[in-house]
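Only one structure is covered here, and it is reproduced in the block below.
No lab work stands behind these numbers, since they all come straight from the coordinates. This one's a predicted model, so the numbers in the text were calculated from it and none came from an experiment. Here Cβ is always computed from backbone atoms with ideal geometry, including for glycine, and neighbour counts include all displayed protein chains.
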Amino acid sequence: MLAAEVTALYPGRARMRPRPPLTARMLLLKRLLAWFQPDISRPLTQAWLAALWMSLLANWPLWEQLRSLSLGTGFLLAFAGMVTAATGAVLSLLAWPRLIKGVLVLLLLAGAALAYFIGTYGIVFDPSMVVNMVQTDARETRDLLSWRLLANLLVLGALPAWWLLRRPRAPHQAFRHRLGGNLAAFGLGLAAMVLLALSVFATLSSTMRNHKSIRYMVTPLNAVYSVGAVAARNLAGPKGPPAVIGADARLLPRAEGAKPPLLLLVVGETARAMNFSLNGYARPTNPELSRLPATQLFSLGDVTSCGTATAASLPCMFAPQGHSAFDADKPQENLLDVLQRAGLAVLWLDNQSGCKALCDRVPNDFTTQLPAGATPLPAGMCNGEECFDEALLHALDRRIAALDPERLRRGLVLVMHQMGSHGPAYFKRSPPDLKPFQPECRSNELQQCPREQVVNGYDNTLVTTDRLLSRAIAWLQTKQARFDAGMLYVSDHGESLGENGLYLHGMPYAIAPAEQTHVPMILWLPEDGALATSLQPGCLATLRDKPASHDNLFHTVMGWVGARADVYKPEWDLLAGCR
Ligand SMILES: [Zn+2]
């Protein structure tokens with residue numbers, strides 16, 4: 001019988017029945033339940049709820065990776081517990097009424113974005129990634145935005161953040177009590193993490209040893225650690241002017257009537273050695289350079305980079321110390337300062353996000369800034385935000401004419417900093433008339449494209465670089481009446497194109513795959529030039545198979561243009577062995 005019918009049959013009865021009073025036993029039960037029910041306005045509760053959310057959900061790439069390793073459900077549960085306990089422990093220290101909500105909102109959003117990038121590109125987050133992020137520019141960032149990123153941000157970050165911001169204000173608690181509670185929660189979290197780690201120790205230690213990148217995947221602790229490490233580094237070091245290197249820089253005397261050197265140093269971007277047909281790649285990615293005589297063009301097939309990201313590689317490439325001894329935290333002058341001190345003209349021309357402070361004390365320019373009186377860039381060369389690399393060749397004579405004539409008489413080192421193969425939007429880096437490999441991936445979400453299309457888009461960028469270098473050489477040939485011209489091209493680091501699920505670059509160097517650390521290096525030296533004739537015949541060809549690295553760059557350039565300083569090491573000069 002329905003309630004409405006009961007009311008109709010016995011009018012007044014349903015309304016009149018009184019609520020039974022709470023018995024003493026029920027009151028006790030209710031109080032007990034309230035004691036177990038966490039008060040979500042408390043900072044500590046919020047910290048642990050957020051820790052649970054981020055550990056379990058914002059770490060979806062981590063759980064996917066661990067699941068693929070088939071380590072068993074027990075291990076997965078223990079690892080999830082460890083991540084939650086560690087995150088909760090760290091956040092407990094920050095569980096203060098005026099602080100916690102802001103911290104959690106920031107971490108929830110950062111964790112959501114990280115989940116997307118780690119899951120989509122297989123990148124890991126370490127201190128050098130923070131440096132890359134700080135040094136990047138708007139167009140590089142725009143290349144990374146997508147709807148799936150927005151979805152991750154909304155669901156994993158904004159949704160819990162919105163919920164959190166609507167919680168009532170924390171009840172008052174004495175400072176002493178709150179500190180005690182936070183420290184106790186920190187200790188308990190740490191203890192839980194250690195106990196869980198011990199319970200699966202054998203599997204844990206072997207997994208961490210064999211899959212080193214996993215430790216950088218734990219979100220948001222990776223972000224907290226990396227940002228903290230970079231901040232500490234920046235606060236610690238006194239930031240004075242860069243230390244002087246090569247104070248005794250000078251030029252070797254030139255033979256009577258010999259032309260001054262003109263070295264074009266092309267700093268490539270994200271080009272990997274194995275995709276150059278000059279290095280044996282099966283597809284014709286070097287159609288123009290391959291046509292140059294083998295007596296002039298030398299592609300070195302075994303060159304390793306100094307870092308796996310621009311921000312790490314560039315300063316190291318231009319330093320004399322080499323990969324093992326270079327310390328990025330100690331600001332010092334670089335190759336360009338030494339060349340300039342020796343008396344040469346130096347010009348840095350940039351088609352990217354800048355020179356990472358390398359060109360601070362030498363003449364420098366962007367492709368988008370044309371010298372006075374220059375003809376405008378051809379239509380389609382630039383889109384208002386960025387230019388194709390061939391813009392580097394535009395108005396060159398005018399740019400050079402603006403340099404100090406006294407220095408020019410002694411020689412010129414011209415650096416071109418390419419946009420090269422910068423990803424993930426490879427398709428933006430090759431002009432419409434230079435896309436021989438089809439179809440190419442037209443998305444910045446590389447995992448959404450078939451791998452062949454990703455490689456097509458990437459290889460098209462290399463064909464674009466091939467044409468740039470070949471046209472640069474043609475320009476150098478027009479300067480041979482005045483200069484002893486030559487070119488040295490080298491990329492800053494390589495790129496992963498989906499090998500083992502990895503994309504892009506920036507892996508910690510010690511665990512980076514060869515795709516990211518093996519870079520192309522190409523020398524062009526016309527055989528009738530003064531430098532080439534001063535070398536033993538046939539000697540340059542032996543360089544093709546000799547291992548080399550970014551360590552050689554500083555010293556090879558110094559030797560190439562006849563500059564000397566106390567920091568010059570002939571044993572690292574690739575040409576010294578041929579003199
Ligand atoms: Zn780079």
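Reachable aspartates and glutamates from residue 435, Cα under 12 Å, same-chain residues fewer than 8 places away excluded?
By straight Cα distance, residue 435 reaches 459.
Grab the eigenvalues of the alpha-carbon gyration tensor for the chain, scale each by 5, take roots, and send me the semi-axes largest first in whole angstrom. Don't skip to the answer; put the middle values down first.
Details: eigenvalues 718, 132, 100 Å².
Equivalent-ellipsoid dimensions as semi-axes: 60, 26, 22 Å.
At a threshold of 8 angstrom on Cα-Cα distance, excluding pairs fewer than six apart, so keeping six or more, what relative contact order does the stretch 39-235 reach in percent?
On the way: 197 pairs, mean separation 79.8, N = 197.
Relative contact order, the stretch 39-235: 40 percent.
Can you give the % of DSSP beta bridges in the chain that are antiparallel, to the nearest 5?
Details: 14 of 40 bridges.
If we restrict to bridges inside the chain, about 35 percent are antiparallel.
Among 400, 123, rank each residue by its count of other Cβ atoms within 10 Å, from fewest to most, as a rough exposure measure. Write out the running numbers ahead of the final one.
Details: 400 17, 123 23.
Starting with the residue having the fewest Cβ neighbours, the order is 400, 123.
Loop only by DSSP, 10 or fewer other Cβ within 10 Å of the Cβ. Give me the GluC sites (Glu not before Pro) in the stretch 233-303 that pass, ordered by residue number. Kindly include the intermediate steps, with their values, before the conclusion.
Numbers: sites: 256, 269, 288; in loops: 256, 269, 288.
Loop-located and lightly packed - 256.
Could you check how many percent of all C-alpha pairs in the stretch 278-358 are farther apart than 19 Å? Walk me through the numbers on the way to the answer.
Numbers: 1854 of 3240 pairs.
The answer is 57 percent, as a whole percent.
Put +1 on the Cβ of every Lys and Arg and -1 on every Asp and Glu Cβ in the stretch 260-349; which of 277, 313, 265 then has its Cα farthest towards the positive end of the dipole?
After comparing all options, I get 277.
By the scheme Lys and Arg +1, Asp and Glu -1, what is the net charge of all other residues having a beta-carbon under 13 Å from that of residue 397? List each step's numbers first, then the result.
Working: positive: 398, 399, 479, 482; negative: none.
Net of charged neighbours comes to +4.
Under 12 Å from the Cβ of residue 41, count the other residues' Cβ atoms, weight Lys and Arg +1, Asp and Glu -1, and hand me the total. Walk me through the numbers on the way to the answer.
Details: positive: 42, 101, 166, 167, 169; negative: 39.
Local charge sum for residue 41: +4.
Using a 10 Å cut-off around each Cβ, can you sort 503, 121 from fewest to most neighbouring Cβ atoms?
Details: 503 20, 121 24.
Ranked by crowding around the Cβ, least crowded first: 503, 121.
With an 8 Å Cα cut-off and a minimum separation of 6 or more residues, compute the relative contact order for the chain in percent. Please report the intermediate quantities before stating the final value.
Numbers: 939 pairs, mean separation 115.0, N = 579.
Answer for the chain is 20 percent.
Based on DSSP H assignment, which helices of the chain show an axial Cα extent of at least 30 Å together with a mean Kyte-Doolittle hydropathy greater than or equal to -1.0? Provide the component values of the computation, followed by the final result.
On the way: long enough: 100-121 (31 Å, 1.90); 175-199 (36 Å, 1.17); 451-477 (39 Å, -0.28).
Flagged H segments are 100-121, 175-199, 451-477.
Please give the Cα centre distance for the stretch 280-332 versus the stretch 143-210, rounded to the nearest Å.
Using only Cα atoms, the two centres lie 41 Å from each other.
Dipole magnitude of the stretch 39-235 about its Cα centre, charges +1 at Lys/Arg Cβ and -1 at Asp/Glu Cβ only, in debye to the nearest 20? Walk me through the numbers before you get to the answer.
Numbers: 16 positive and 6 negative charges, 102 e Å.
Magnitude of the dipole: close to 480 debye.
Using the C-alpha atoms of the stretch 39-235, what convex hull volume per residue, in cubic angstrom, is computed? Don't skip to the answer; put the middle values down first.
Values: hull volume 26.7 nm³, N = 197.
In the stretch 39-235, the Cα convex hull volume per residue is 135 Å³.
What ratio of Cα Rg to 2.2 N^0.38 Å holds for the stretch 505-579?
Working: Rg = 14.6 Å, N = 75, 2.2 N^0.38 = 11.3 Å.
Taking the Cα Rg and dividing by 2.2 N^0.38 Å, one obtains 1.28.
Given +1 on the Cβ of Lys and Arg, -1 on the Cβ of Asp and Glu, and no further charges, what dipole in debye does the chain carry about its Cα centre, rounded to the nearest 20? Intermediate values should be presented prior to the final figure.
Working: 53 positive and 44 negative charges, 675 e Å.
Charge dipole of the chain: 3240 debye, to the nearest 20.
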